[in-house]
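**Q** Take this structure first; my questions come after.
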Amino acid sequence: MKNLKGRTAIVTGGASGIGRACCVCLAREGVAVLVTDIDDAGSAETVAIIKKSGGKAISAHHDVTDETRWDEIMTLCESELGVPSVMVNNAGVAIGGAIMDFSLADWQKQMAINMDSVFLGTRAAMRAMKLKGGSIINLSSIAGLRGASGVSAYCASKGGVRLFSKAAAVECGQLGLPIRVNSVHPGIIDTPIWQKSIARMTETMSADQVAGLSGSSGGNSLNADVIAQAAPMGRPGRPEEVADLVVFLASDASSYISGQELVVDGAMTAR
Ligand SMILES: NC(=O)c1ccc[n+]([C@@H]2O[C@H](COP(=O)([O-])OP(=O)(O)OC[C@H]3O[C@@H](n4cnc5c(N)ncnc54)[C@H](O)[C@@H]3O)[C@@H](O)[C@H]2O)c1
């Protein structure tokens, strides 16, 4: 990919799933990666995968909702790897539940992890990138494009990420900052997020409600029949298929793309 060699990236939620794939794929292009997550063992594993294939990476404990920690992460990145020119705001959770039974505490937790974090990460990246430029990539979802039963808070958080990213892109352009901002919208991607959220949903929702969610069979894993129906390509996506888009957006191959929502969903939203 064009001109990524020697650059520095921060990837939040880099211990698992799409975040890990982003770290590995960016490192393969010669990018030094700061892997951050609350899951220290998972982050260490991501770093080990990168180092094994000759790449450069370090990890740091980072709760993306912690404003003070963001300052420390940016300082660490600059001192250990250099000023970042790629920021991937990827960390996220899916807290499911029917609206009438949903608590304000869960709503606020969902917003803090999925949306406050994207504001904090984008602000930190803009401050760091304002002179030399960069690319900010925010993970939204197809749930940020349309509604789904039982995941209203998740939809709201991802819809917020979508429009915040557009606003940030316009603001960067109008301020004359050499920074692009885009949102990425995966469909059903085979990662641990499904087990985590479905397991939790089955505690709080009826089987019918859980079965209404895309990709969920009401059990603890992705259901092949449900996916085949939901995704015209007939299979879930692989984390690397999202990471390839992130690498493109990080690179100069996308130098005139900003403020856009890029969907990677096997044609789920095409009908
Ligand atoms: N997998 C999918 O089908 C899918 C679809 C659309 C969007 N997404 C989005 O992609 C992103 C990555 O999801 P994934 O599927 O790889 O999930 P995942 O559960 O495999 O990885 C998410 C990572 O975020 C980390 N995390 C959670 N809370 C955190 C916090 N407070 N601070 C720092 N890290 C935290 C977790 O520890 C985990 O390592 C999320 O934003 C998710 O909403 C995923």
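The values are calculated or read from the model by the stated rules, or taken from the named source; none is laboratory data. Not measured: the values here are computed from a predicted model. A quick note on method: Cβ atoms are made from the backbone with ideal geometry, for glycine too, and the neighbour counts reach across all protein chains shown.
**Q** Being of a type in the set (A, V, I, L, M, F, W, C), modelled with pLDDT of 95 or more, away from the ligand (no atom under 11 Å from the Cβ) and crowded, with 22+ Cβ neighbours inside 10 Å is the requirement here; does M87 meet it? Give the steps one after another, and end with the answer.
**A** Numbers: of a type in the set (A, V, I, L, M, F, W, C): yes; modelled with pLDDT of 95 or more: yes; away from the ligand (no atom under 11 Å from the Cβ): yes; crowded, with 22+ Cβ neighbours inside 10 Å: yes.
Criteria met by M87.
**Q** Which condition breaks for S85 when tested against (1) within 19 Å of the chain's Cα centre (by Cα); (2) farther than 25 Å from N3 by Cβ?
**A** (2)
**Q** Now for a separate question. With respect to R146, is the statement that it is not small (G, A, S) and not in a helix (DSSP H, G or I) true?
**A** Numbers: not small (G, A, S): yes; not in a helix (DSSP H, G or I): yes.
When the stated conditions are applied, R146 passes them.
**Q** So, in region 77-111, exactly how many residues are within 30 Å of L177 (Cα to Cα) and in contact with a helix residue (DSSP H, G or I) (Cβ under 9 Å, 6 or more places away or on another chain)?
**A** Number satisfying all stated conditions: 13.
**Q** Further, regarding this structure: Can you name the residue in region 32-70 that is over 15 Å from T8 (Cα atoms), touching a residue at least 12 places away in the same chain (Cβ under 8 Å) and β-branched (V, I, T) and is also farthest from the ligand (Cβ to nearest atom) among such residues?
**A** That would be I49.
**Q** Among the residues of region 151-183, write down those that are more than 13 Å from the chain's Cα centre (by Cα), closer than 25 Å to I99 by Cβ and not in a helix (DSSP H, G or I).
**A** V151
**Q** Taking region 224-256 as the region of interest, how many residues are within 22 Å of S16 (Cβ to Cβ), among the small types (G, A, S), assigned to a helix (DSSP H, G or I) and within 12 Å of the ligand (Cβ to nearest atom)?
**A** Of the residues in that region, 1 qualify.
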